[in-house]
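Please treat every number below as a calculation from the coordinates, not as lab data. It should be emphasised that the depicted structure is a prediction, and the values quoted were computed from it without experimental measurement. When we count neighbours, we look across all protein chains shown, and the Cβ atoms used for this are built from the backbone with ideal geometry, even at glycine.
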Amino acid sequence: MDKTLQPVRGMNDVLAEQMPWWQFLEAEARALFAAYGYQEVRLPLLEPTELFKRSIGEFTDIVEKEMYTFTDRGGDSLTLRPEATAGLVRAAISNGLLHNQKHRLWTSGPMFRYERPQKGRFRQFHQIDIEAFGYDGPDIDAEMILMSARLWGRLGIRRVKLQVNSLGTPESRKDYRELLVRYFEQHRAVLDEDSLRRLGGNPLRILDSKNPAMQDMIAGAPMITDHLDPESKAHFDGLCAHLSACGIEFTVNPRLVRGLDYYTRTVFEWTTDALGSQDAVCSGGRYDRLIAQLGGEPTPAIGWALGEERIVGLLQDAGVAVPSGAPGVFLVLAGEPAMRVGLKLAEDLREALPGIGVQANLGGGGIKAQMKRADKSGAAIAVIVGDAEVERGTAAIKSLRAEAPQQECSWAELPARIRALT
Ligand code: ATP
Ligand code: MG
């Protein structure tokens, strides 16, 4: 086929048949965030390239090789957002939201990363993201994680596991970093090309490597949890105590460093064994220094993001039943007289039954073809109007999904009869 008619590699059309799962996830997330006092914001897809370089960090996969960056017609370097946190922080600073204030915000939408497309990994994908500004925790750290756990509960997702870690402060990390560099220097022969490059810039990221040949060496590396400053240690103990008190199961993984540079103290990740190697479904952490580093009022902050494609994959994999979005009623209009009164009849039903979808047959067709359409629409009930019914001012009601005798009633009675059946 003509290449201009193909989607860009790694960018998917999400068609109607997939939407019930997306809508279920998004509706549950929206309700959950409202219940915890989070407000929605919507931000630009494009930001100045510099924003991501300064926040995510130069030695990260995202900035090194995954950004969609271009120069616009005015000569500015812009980047399609690879994640949402940087933009949210930028927005909080641009709009003066940080002066002695606390904010709990969420957003969602497409993110863009130039990665190798495969199952669960795309170049345009979707995240739901929450951030809290102005709270230094560890209570909010725990609550953020509790929110994610509650979301899995509401969605009926069970095959997920939580890992937590603390990265301490940039100061405490400095000593640890030196130890780590020394250790990696001793094992230089095992390091791959990426790791050798990171050794000078960001050696912690080597711990995150998925290269199987390096795993034994990484397992022997010094652990950050043994080198935390006392405040970070207390913060981490506080988080773990809250999680335990709330009955959340978790593992402390001292190798969990996350792919972004801006984290301090708490980091966490939910993974699954149901999606093959793309196992991360939700991750986040605290970034107490980032806002000041970008020129904002020093403000502690924490957030997480989930990948919608992967959560939808989990829902489908687990066979979770989601609302279908099908209309409640399909109105069959057979013959000219029925077609003349049909639109008005459908409007009257919609008026009387605001919670029930009513799809009218448009464009005519024989009664058999229309009944097929009614079935295909997923509607629970067909309301059938033909020449004889128009003459009598009645309609026939047929249950499409349940065993029930067909009935006939006046148009005025229709709403009550339909309500009784749905
Ligand atoms: P991964 O280790 O799979 O690359 P990540 O650590 O880069 O994930 P984050 O930047 O933390 O991911 O983004 C949060 C979530 O967004 C991930 O847990 C994942 O579910 C999802 N995600 C990240 N990159 C992609 C992608 N290219 N395609 C689909 N989902 C993604
Ligand atoms: Mg990644």
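Run down the lysines and flag those whose C-alpha is under 27 Å from the C-alpha of residue 372, throwing out any fewer than 8 positions away in its chain.
344, 398
Could you tell me which residue out of 41, 51, 412 lies farthest along the dipole of the chain toward its positive end? Charges go on the beta carbon: Lys and Arg +1, Asp and Glu -1, centred on the Cα centre.
412
Using the Cα centre as the reference, give the magnitude of the dipole from point charges on the C-beta atoms of segment 329-421 (Lys, Arg: +1; Asp, Glu: -1; all else neutral), rounded to the nearest 20 debye.
I would put it at about 340 debye.
Using the alpha-carbon atoms, what tilt in degrees (0 to 90, nearest 10) does helix 139-155 show relative to the longest principal axis of the chain?
Once rounded, one gets 30 degrees.
Against the longest alpha carbon principal axis of the chain, how many degrees, from 0 to 90 and to the nearest 10, is the axis of helix 170-186 turned?
70 degrees
If you average 1/r over all unlike Cα pairs in the chain and invert the result, what Kirkwood radius do you get in angstrom?
24.9 Å
Counting other beta carbons within 10 Å of each Cβ, put 112, 70 in order, fewest first.
70, 112
Measure nothing but the geometry: give the 0 to 90° angle between the long axis through the Cα atoms of 336-352 and the longest principal axis through the Cα atoms of the chain, rounded to 10°.
With both axes taken from Cα atoms, the answer is about 50 degrees.
Mind listing which trypsin sites (Lys or Arg not before Pro) in segment 61-152 are in a DSSP loop and have 11 or fewer other Cβ atoms within 10 Å?
73
Distance between the C-alpha centers of segment 238-263 and segment 55-120? Whole Å please.
Each part's Cα centre sits 24 Å from the other's.
Helix-only mean residue ellipticity at 222 nm, the chain, DSSP H runs n ≥ 4 weighted -39,500 (n - 2.57), per residue, nearest 500. What is it?
Helices in the chain give a 222 nm mean residue ellipticity of -11000 deg cm²/dmol.
Output the peptides 74-83, 298-307, 364-373 sorted from most to least packed, where packing is the average of other Cβ atoms within 10 Å over each peptide's residues.
Highest to lowest by the protection proxy: 298-307, 74-83, 364-373.
For segment 329-421, report the translational diffusion coefficient in µm²/s to the nearest whole number, using Stokes-Einstein at 25 °C, 0.890 mPa s, and a Kirkwood Rh over Cα pairs.
After rounding, the answer is 191 µm²/s.
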